[in-house]
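All remarks here apply to the structure that follows.
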């Protein structure tokens, strides 16, 4: 298996797992409850297990975009900063994609709690995702 492909799979799964863990503990810090798999499943009218598979597949695709596109083209010395910037870019892309999907599929599920806190939590989760991916991807030789 291609090294870049391995890095995409491993970093995508790990980044998504860490991001998801943060989303599940964030209500203990006053943030709204967030379950991306349930949200995806609800939007697509599929079982929640399919939402989980889709959630992790999306993470692997984003990690692959880091490995193949962002990492080789963006020269930032700090891996954590590079990952944080990538994670924020993923957040913006995800928000646009979810808005388009919501419009195509008849609307988004109503969020539980404060929309501002939900956005802050989502930004935090995506930034952490980007940092985990960046830290796991090896430097090109």
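Average the reciprocal distances over every distinct pair of alpha-carbons in region 3-136, invert the result, and give the Kirkwood radius in Å.
Result for region 3-136, one decimal place: 15.1 Å.
Taking the Cα centroid of region 1-38 and of region 59-96, what is the distance between the two, rounded to the nearest whole Å?
What the calculation gives is 14 Å, centre to centre.
Per the helix-only calculation at 222 nm, which mean residue ellipticity applies to the chain, given -39500 (n - 2.57) for every DSSP H run of n ≥ 4 and division by its residues, nearest 500 deg cm²/dmol?
-24000 deg cm²/dmol
Mind ordering 39-47, 93-101 by average Cβ neighbours within 10 Å, highest first?
Per-residue mean Cβ counts within 10 Å order the peptides as 39-47, 93-101.
So for the chain, averaging the separation of alpha carbon pairs under 8 Å that are six or more residues apart and normalising by length, what relative contact order in percent results?
Across the chain, relative contact order equals 39 percent.
Read-outs throughout are calculated quantities, based only on the coordinates presented, and are distinct from any laboratory measurement. Everything numeric in this text was worked out from a predicted model, so none of it was measured. Cβ: placed from backbone, ideal geometry, glycine included. Neighbour counts: every protein chain shown.
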